[in-house]
Each structure stands twice: as structure tokens, then as C-alpha cells.
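Asker: Have a look at this one.
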Amino acid sequence: MNGKISVIIPTIEEESVFDIIKELRSQFGSKLELIIVDKSSLKYHERLKATKAMVLRQKDSGVENAIMQGLRAASGDLIASIDGDATHEIDGIARAVKIVESGEADFVLGNRFGKLEKGAMSPHLVIGNKAISKVYSQMYGTNVHDVLTGLFVMTREAFESIRNVKPYRAGIAFFAIELAKRGYKVTEVPIHYYPRASGESKLAKSKLFYGAQVTSHIIRLARDYNPLLIFGGLGAILLICGLGLSAYVVYTFVTTGQFTLIGRSLIAFMLITVGILSIIAGFILDLLLEIAKKLE
Ligand SMILES: Nc1nc2c(ncn2[C@@H]2O[C@H](COP(=O)(O)OP(=O)(O)O)[C@@H](O)[C@H]2O)c(=O)[nH]1
Ligand SMILES: [Mg+2]
């Protein structure tokens, strides 16, 4: 590695962070600028300070705000971030640095599905994270599989382009969205992901709600946000399902002469109605977007 690297660790009472600090120091030595952005009790905060790392106190909330606070204080040529719960493979940072230094990308995410250890991520979070990453990749023309990972490396130039952007609730996807929108190249490197050794998740009260928030940001902020494609597409799928189901109901009625599939008829009716409404909504939103663009 050529220049200096700043590594930011967001923490709320993480016992594992002390081991991470040791490991990072042994890996990067004098090239390392360590920045911990902490939102813990005073007692824990004092223990952090004793490590002699740069320790910042977070006044607002949210992991994206914590990381942004650290990024703004960083002076490294490259800037990285890693969760403080020792779940992400630390060597992933050095591998991501190599990719950035080769010029292949400006922002490299640590893909936890590279080597997902047993019990590290619950099955519903695996599905949710993969789905969100798929939506992100589709909308921003990238090919990443884990946009909500807790490990990344970015170039200083990439960071400077978003220094004054106010983070919204999207975790690391916030950085991935803003950088991709500005044309910076986003890629990933596979990493190991381990189960949490101590404490509980601090990220959000409800991961379902958090995931919904992230997804809505990803969709709304897409470069070529296309409501007709999203709502029209969704509507078309519902409509096709509804029509298929109706055909089945009608077929059964014609062949048996009895009308017994009342539940299915209702579902078919609902699918068709919601499908049509969604397509209409797509057209209306598309029209509004056109008008907004003209006004601009
Ligand atoms: N400073 C700060 N750190 C946070 C906040 N939310 C989460 N963290 C830290 O960010 C990292 C990732 O959070 P974690 O709870 O492990 O999220 P999960 O892995 O998605 O369950 C951990 O080091 C947390 O301590 C926050 O609001 N502020
Ligand atoms: Mg974690």
C-alpha cells in the first residue's frame, strides 16, 4: 500500500472492538489512522479513549451518520470502514485496498456472502439482503451482492464528492447509492462473515422496517427513476397472475358445472384490481415526473 489509510469503526458498546484495533494496528502499522465513532456509555467511551485511537462521540444517531462523521475527520488517501462487532473478516480491507489501488474501482464493498459462516446471518436476513442488493445493482448498473455489508474501502476523491451530502437511513447503501450516482465505480470483494461473539445487534429496532427504508431510498434515488417500469411492471405481474387464476376458476366452472372456488375467485379479483391500479399509478407518476422535468 502506498499512502495512508483511515479506518472508521462505528460502535455502541462493542466488546470485540479492542481486538479489532489490535489487529488493524498490526496489519497497517504507521500507515493507519484509526477513527472510532462512538455512541456508548461514558464508561465504555473512556475505555475506548485509552486505546489512543481517535475517538469521536456521536451526537446524532444511525450508523450512516456515525460513519459520515468519521469520514469527515479522516485524512487518509484511502478510507475504510468496518463494523466493531468482529463479524467481518479484517483481511477483507487489505484485499479491497488492492482493488482500489489497481484502479478497478473507487468503492469496494466486502461481500459477506463470499464466505458466510454458519449462524452468522439468519435465513430471512440472507433473503432480504440479497433482494435489496439485487434491486440496488439493477437500478445503479452495478453487480454487487451485499450492499448492506459493514466493510468498505473508498478513495479520497470519491469521498470528497459526497462530503456535504446529508446521510439518510440506508446504512452503507447510502454511500453505495451516492457514489454510483456520481459515476464512481462500485465493486465487491468476498469476505468471511462470522456470528456475533458478544452483545446484540445495535443497528435498528426492526430490521424489516430498516430494510423497507433502505429499499425505498434505493428506488427513489435511482439515476433513471422510472415509475412506469416499477409500478407498470409490478402491475403487469399481478395482472397476469390474476388473469391466470381467473382462467383456472372459469375452466373449473365450465368443466364441472359447479362454482366452488370462491376464495380463489376473490384472490383473482384482487390481483386484477391491484394490478390495474398499479399500472395506472405508474402512468400518473410518469406523467408527473415528465411535468416536473419540464418545469425544472
Ligand atoms: N456510533 C454508532 N454505531 C452504531 C450505530 N448503530 C450500529 N452501530 C455499530 O455499527 C456496527 C454494526 O451494527 P450491528 O448492530 O452489528 O448491525 P448488524 O450487523 O446489521 O446487526 C456495530 O459496530 C455497531 O456497534 C449507531 O447508531 N451509532
Ligand atoms: Mg453486526
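The values are calculated or read from the model by the stated rules, or taken from the named source; none is laboratory data. The shown structure was predicted, so the numbers you read here are calculated from the model rather than taken from an experiment. With ideal geometry, Cβ positions are generated from the backbone for all residues, glycine too; neighbour counts draw on all protein chains shown.
Yes/no per residue for (1) surrounded by fewer than 21 Cβ atoms within 10 Å (Cβ to Cβ); (2) in contact (Cβ under 8 Å) with a residue 60 or more places away in the chain:
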| site | (1), (2) |
| --- | --- |
| Asn2 | yes, yes |
| Ile8 | no, yes |
| Asp19 | yes, yes |
| Val37 | no, no |
| Arg47 | yes, no |
| Arg57 | yes, no |
| Ser61 | yes, no |
| Ala66 | no, no |
| Ala80 | no, yes |
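Asker: Go through region 107-130 and give me each residue that's without any contact (Cβ under 8 Å) to a residue 40 or more places away in the chain and small (Gly, Ala, Ser).
Answerer: Ser122
Asker: Which is more than 15 Å from Lys31 (Cβ to Cβ), over 21 Å from the mean Cα position of the chain (by Cα) and away from ligand 2 (no atom under 16 Å from the Cβ), of Gly76, Gly103?
Answerer: Values: Gly76 fails: more than 15 Å from Lys31 (Cβ to Cβ).
Sole residue among the options that is more than 15 Å from Lys31 (Cβ to Cβ), over 21 Å from the mean Cα position of the chain (by Cα) and away from ligand 2 (no atom under 16 Å from the Cβ): Gly103.
Asker: Right, Ile272: at pLDDT 95 or above, in contact with a Ser or Thr (Cβ under 8 Å, 6 or more places away or on another chain) and assigned to a helix (DSSP H, G or I) or not?
Answerer: Values: at pLDDT 95 or above: yes; in contact with a Ser or Thr (Cβ under 8 Å, 6 or more places away or on another chain): yes; assigned to a helix (DSSP H, G or I): yes.
Answer is yes for this residue.
Asker: A follow-up question, please. Please verify whether region 267-276 includes one or more residues that are surrounded by 14 or more Cβ atoms within 10 Å (Cβ to Cβ), in contact (Cβ under 8 Å) with a residue 40 or more places away in the chain and under 30 Å from Leu228 (Cβ atoms).
Answerer: Initially, region 267-276 is screened for residues surrounded by 14 or more Cβ atoms within 10 Å (Cβ to Cβ), giving 267-269, 271-272, 274-276.
Those left that are additionally in contact (Cβ under 8 Å) with a residue 40 or more places away in the chain: 275-276.
Those left that are additionally under 30 Å from Leu228 (Cβ atoms): 275-276.
Among the residues of region 267-276, at least one is surrounded by 14 or more Cβ atoms within 10 Å (Cβ to Cβ), in contact (Cβ under 8 Å) with a residue 40 or more places away in the chain and under 30 Å from Leu228 (Cβ atoms), which makes the answer yes.
Asker: Within region 80-92, track down each residue that is closer than 18 Å to Val147 by Cβ and away from ligand 2 (no atom under 16 Å from the Cβ). Show your work before the answer.
Answerer: Initially, region 80-92 is screened for residues closer than 18 Å to Val147 by Cβ, giving 80-83, 87-89, 92.
Scanning region 80-92 gives a single hit, Ala80.
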